[in-house]
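Peer 1: Let me begin by handing over the structure; questions about it come next.
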Amino acid sequence: MNKNIYRIFAALLLVALIGTPVLMAEGVDGKALYDKKCALCHGKDGVAKKMAEPSGNFNDAAWQEGASLDMILEVIAKGKGKMPKNEGKLSDEEMKAIADYVKTL
Ligand code: HEC
């Protein structure tokens, strides 16, 4: 009887330890962040506005092919040309969520 209680407790503890970071990562909404931080210049649909020149359009298949996740992350973090950097303003997790979202446009 006692053993079973310990087992249940151990199982719950495991779920809490493993489950929490997974849930937190999923809690970062890449689309919402993109709409808030990037759409102003790059458009909600990924079509670059005047402010994003000479950036390519993120919804363009050819652009997607040439754009690696690492490149997108690097530009988000460090900025490029007139684009402001986000290091220090966004967490690594948030930048990763935005980059993942850009790849889906
Ligand atoms: C103030 C306007 C502005 C904002 C806000 C902005 N960008 Fe940019 N972005 C630019 C400009 C301008 C360039 C082109 C830089 C260059 O090549 O000189 C660019 C370039 C890029 C590129 C490289 C595109 C290419 O074709 O090489 C990526 C990727 C990118 N931005 C992603 C983002 C993401 C993701 C966000 C939101 C976190 C964001 N940008 C926010 C202006 C902006």
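No lab work stands behind these numbers, since they all come straight from the coordinates. These numbers were taken from a predicted model, which means no experiment stands behind them. We place every Cβ from the backbone using ideal geometry, glycine too, and count neighbours over all the protein chains shown.
Peer 1: Sticking with the crude label model, points 7 Å out along Cα→Cβ, report the distance from residue 51 to residue 104 in nm, one decimal please.
Peer 2: 2.4
Peer 1: Go through region 54-61 residue by residue and turn each phi into a ³J(HN,Hα) via Karplus (6.51, -1.76, 1.60, θ = phi - 60°); whole Hz please, and just put x for glycine and proline.
Peer 2: x, 5, x, 8, 5, 8, 8, 4
Peer 1: Read phi for every residue in region 77-84 and hand back ³J(HN,Hα) as whole Hz from Karplus 6.51 cos²θ - 1.76 cosθ + 1.60, θ = phi - 60°, with x for Gly and Pro.
Peer 2: 5, 9, x, 7, x, 7, 7, x
Peer 1: How big is the dipole moment of the chain about its Cα centre under a simple scheme where the beta carbon of each Lys and Arg is +1, that of each Asp and Glu is -1, and everything else is neutral? Debye, nearest 20, please. List each step's numbers first, then the result.
Peer 2: Values: 15 positive and 14 negative charges, 57 e Å.
Dipole magnitude for the chain comes out near 280 debye.
Peer 1: A further question follows. So what is the 222 nm mean residue ellipticity for the chain from helices alone, if each DSSP H run of at least 4 adds -39500 (n - 2.57) and you divide by all residues, rounding to the nearest 500 deg cm²/dmol?
Peer 2: Working: 6 runs with 65 residues, N = 105.
Taking each H run of at least 4 residues, the total per residue is -18500 deg cm²/dmol.
Peer 1: Relative to the longest principal axis of the C-alpha atoms of the chain, give the angle of the C-alpha long axis of helix 2-27, reported between 0 and 90° and rounded to the nearest 10°.
Peer 2: Roughly 10 degrees between the two axes.
Peer 1: I've got another one for you. Could you sort 61-68, 6-13 so that the peptide with the highest average Cβ count within 10 Å comes first and the rest follow in order?
Peer 2: Numbers: 61-68: 11.6, 6-13: 9.9.
Per-residue mean Cβ counts within 10 Å order the peptides as 61-68, 6-13.
Peer 1: At a threshold of 8 angstrom on Cα-Cα distance, excluding pairs fewer than six apart, so keeping six or more, what relative contact order does region 28-102 reach in percent? Let's see the in-between values first.
Peer 2: Details: 79 pairs, mean separation 27.0, N = 75.
Worked out over region 28-102, it gives 36 percent.
Peer 1: What order do you get for 82-93, 32-43, 47-58 when each peptide is scored by the mean count of other beta carbon atoms within 10 Å, highest first? Walk me through the intermediate numbers first.
Peer 2: Details: 82-93: 12.5, 32-43: 16.6, 47-58: 14.4.
Descending mean neighbour count gives 32-43, 47-58, 82-93.
Peer 1: Tell me, what HN-Hα J-couplings in whole Hz come from the Karplus equation 6.51 cos²θ - 1.76 cosθ + 1.60 at θ = phi - 60° for each residue of region 94-105, using x for Gly and Pro?
Peer 2: Running phi through 6.51 cos²θ - 1.76 cosθ + 1.60 with θ = phi - 60° gives 5, 5, 5, 5, 5, 4, 4, 5, 4, 5, 9, 6 Hz.
Peer 1: Compute the FRET efficiency between residue 87 and residue 36 as 1/(1 + (r/R0)^6), taking r as their Cβ-Cβ distance and R0 = 22 Å, and round to the nearest 0.05. It would help to have the intermediate numbers written out before the result.
Peer 2: On the way: r = 17 Å, r/R0 = 0.78.
Plugging the Cβ-Cβ distance into 1/(1 + (r/R0)^6) gives 0.80.
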